[in-house]
Amino acid sequence: PVAETFRVIQGAMSEEHVRATQGVFQFELSGEEGGTWYIDLKTQGGGAGFGKPPVTADVVMSMSSTDFVKMFT
């Protein structure tokens, strides 16, 4: 569920989202598919996925992977 959520987020990104947000969000997830994930709405083109973001995160959130999926659905 976590990887699929990030695939959907990545597919929905646009330059408009990047221009409007200008932030990088890092998620420290526990549980199934846990680990470090990110949403980059600062770098040109944006990005989302597993691992550390390409630039320093503006916000770091820690939660369970279950809560993360609930938050985005």
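The values are calculated or read from the model by the stated rules, or taken from the named source; none is laboratory data. As the structure is a prediction and not an experimental result, all values here were calculated from the model. So basically every Cβ, Gly included, is an ideal-geometry build from the backbone, and we count neighbours across all protein chains shown. Protein only, heavy atoms only, side chains kept; ligands, DNA and RNA dropped before computing areas. Shrake-Rupley method; radii C 1.70, N 1.55, O 1.52, S 1.80 Å.
Observations, loosely collected:
- Based on protein heavy atoms only, the chain ends up with 58 Å² per residue of surface accessible to a 1.4 Å probe.
- Helix-only [θ]222 nm of the chain, DSSP H runs n ≥ 4, -39500 (n - 2.57) each, per residue, nearest 500: -10000 deg cm²/dmol
- Per-atom-type breakdown for the chain gives carbon and sulfur 55% of the accessible area (1.4 Å probe, protein chains only).
- Simple point charges give the picture: +1 on the Cβ of Lys and Arg, -1 on the Cβ of Asp and Glu, and for the chain a dipole about the Cα centre of about 120 debye.
- Within the stretch 1-71, all pairs of alpha-carbon atoms sorted by distance into 10 Å bins from zero give the percentages 23, 54, 23, 1.
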